[in-house]
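The values are calculated or read from the model by the stated rules, or taken from the named source; none is laboratory data. Keep in mind it's a predicted model, so treat the numbers as computed, not measured. All Cβ positions, even for glycine, are placed from backbone atoms using ideal geometry, and neighbour counts span all protein chains on display. In case anyone asks, the SASA skips ligands and DNA or RNA and just uses the protein heavy atoms, side chains included. Shrake-Rupley method; radii C 1.70, N 1.55, O 1.52, S 1.80 Å.
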Amino acid sequence: MRGLFLLPWGLFLLGLAPLVFFEPLGAADRGLGFLLAALLLAGVGSLYSRFPVAYRVQLFLVLGLSLLAFQLALESALFLTGREVPGYTPLGAALGALALGAAFFLGTGKEAPLLPALEGVGSREDLWRLAGALEGLALRRPLVLVYLAASVPPERLAGELRRGDLAFQLEGGYLLVLQGSQPEDAAGLLRRLRERFPLAAYAVERWRGGSLERVLSRLEAEALLQS
């Protein structure tokens with residue numbers, strides 16, 4: 001829906017409605033601070049209407065940011081007009097937080113986008129930088145992890161991966177993250193790798209969420225038992 005980018009600005013202006021009925025006579029410093037924050041949130045919410053995710057995820061992202069902008073705009077208008085801030089005004093913030101939570105759960109479901117491919121093989125530091133994103137994705141879309149205990153040049157290993165698969169070089173081996181794959185896809189990959197490279201040991205797990213550090217320890221231990 002192309003008009004989605006107007007939603008943040010509409011709720012932002014709705015929050016400023018008290019300025020239409022009351023003359024600004026209140027705390028200008030606090031009011032202007034809230035107004036600036038609301039303006040920035042509305043701008044960011046409008047930008048998210050072009051975010052390349054599934055429409056339902058996009059809708060809840062924009063709605064959540066729009067409600068937060070409405071909340072801040074309303075409090076800004078109340079401060080500027082010297083009106084008392086009623087106790088129910090945080091309702092907009094609460095609804096905004098719920099909408100952003102819904103966007104998270106939808107975004108980590110079947111419509112979750114794959115993580116962008118790395119340029120070649122990533123390092124251990126790259127893996128830990130992506131740990132939060134991988135754990136969130138694995139909550140709703142199981143990932144196939146393959147640990148290889150092998151001495152293989154990174155550029156040759158990268159040439160064997162499908163588009164969208166991720167590879168990280170660790171001490172003594174590699175961790176492959178196969179996105180959108182089934183265990184049988186990992187079996188085919190391992191068969192090709194065994195034909196081309198000397199693999200000392202390997203381990204495979206269909207990861208259904210949890211700590212990346214814990215699952216990596218399991219895979220390393222399983223590969224160690226084979227060697």
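Mean projection of the Cα convex hull over all viewing directions, computed for segment 5-108: 6.1 nm². Of the residues A99, S123, L68, the one whose Cα sits farthest towards the positive end of the charge dipole of the chain is A99 (charges of +1 on Lys and Arg Cβ, -1 on Asp and Glu Cβ, taken about the Cα centre). Taking 0.36 nm per residue of separation and subtracting the Cα-Cα distance, full extension of the segment from Y55 to R191 would add 45.1 nm.
For the chain, the mean residue ellipticity at 222 nm estimated from helices alone is -17500 deg cm²/dmol, where every DSSP H run of n ≥ 4 contributes -39500 (n - 2.57) and the total is divided by all residues, rounded to the nearest 500.
The phi-based Karplus calculation (6.51 cos²θ - 1.76 cosθ + 1.60; θ = phi - 60°) puts the 3J(HN,Hα) values of segment 8-13 at x, 6, x, 6, 4, 5 Hz, whole numbers, x for Gly and Pro.
With the convex hull drawn over the C-alpha atoms of the chain, the volume per residue is 137 Å³. Taken as Cα centroids, segment 48-79 and segment 163-227 sit 40 Å apart, rounded to the nearest whole angstrom.
Kirkwood radius, segment 26-73, all distinct C-alpha pairs, inverse of mean reciprocal distance: 11.2 Å.
All Cα-Cα separations within segment 121-225 were binned at 10 Å from zero, giving a P(r) of 15, 54, 29, 1, each value a whole percent of the pairs. Between the beta carbons of R156 and L6, assuming R0 = 35 Å, the FRET efficiency works out to 0.10 to the nearest 0.05.
Between R140, R194, R50, the residue with the greatest mean-square fluctuation in the GNM of the chain (Cα pairs under 10 Å linked by springs) is R194. Summarising the strand pairing of the chain, around 95 percent of its internal DSSP beta bridges are antiparallel.
What the phi angles of segment 184-190 give under the Karplus curve with 6.51, -1.76 and 1.60, with θ = phi - 60°, is a coupling list of 5, 5, 5, 5, x, 5, 5 Hz, glycine and proline written as x. Shown in residue order for segment 127-135 are the 3J(HN,Hα) couplings computed by the Karplus curve 6.51 cos²θ - 1.76 cosθ + 1.60 at θ = phi - 60°: 4, 6, 5, 8, 4, x, 5, 5, 5 Hz (x for Gly and Pro). Ligands, DNA and RNA left out, the 1.4 Å accessible surface of segment 5-108 is 77% carbon and sulfur atoms. Each principal axis of segment 180-227 carries a Cα extent, and these read 33, 27, 11 Å when sorted largest first.
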